Amino acid sequence: RFHFKKNLRRIITELYIRDNCHPFKATLLVWVQIPMWVCVSLALRNCSVGALDSAVQEQFATGGTLWFTDLTAPDPTWILPVSLGILNLLIVEV
């Protein structure tokens, strides 16, 4: 049993080196992306809703483009949330 486990660890290590696919590399993106997503989401929420200055909210209400002219209102067409979700899925899968 000891020799089997030792050989198994050696084979797995050789596979990691040969294929350059250490398990930590797969989780690195998640550990970086989740805190970044939380920080960006909180920053955007504070800019659009939590701003004390009405000039900031006015700029967000008139600063959009294309079909989203009011950046403080939810997207009624769901184009941005769906495209962002698909883009995140593609990034994780790649």
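Structural remarks
- Inclusion of Pro23 among residues that are modelled with pLDDT of 85 or more and either within 22 Å of the chain's Cα centre (by Cα) or surrounded by 10 or more Cβ atoms within 10 Å (Cβ to Cβ) (or both) is not warranted.
- Entirely in the chain, the helices (runs of 4 or more DSSP H) that have 2 or more residues that are acidic (Asp, Glu): 2-19
- Every residue from the range 39-94 that is open to solvent by 100 Å² or more (accessible area, probe 1.4 Å) and over 30 Å from Thr27 (Cα atoms): Val49, Leu52, Glu58, Gln59, Thr62, Leu66, Trp67, Pro74, Pro76
The values are calculated or read from the model by the stated rules, or taken from the named source; none is laboratory data. Bear in mind that the values here come from a model prediction, so they are computed numbers and not experimental data. Cβ: placed from backbone, ideal geometry, glycine included. Neighbour counts: every protein chain shown. Heads up: the accessible areas ignore ligands, DNA and RNA and are worked out on the full protein's heavy atoms, side chains in. Shrake-Rupley method; radii C 1.70, N 1.55, O 1.52, S 1.80 Å.
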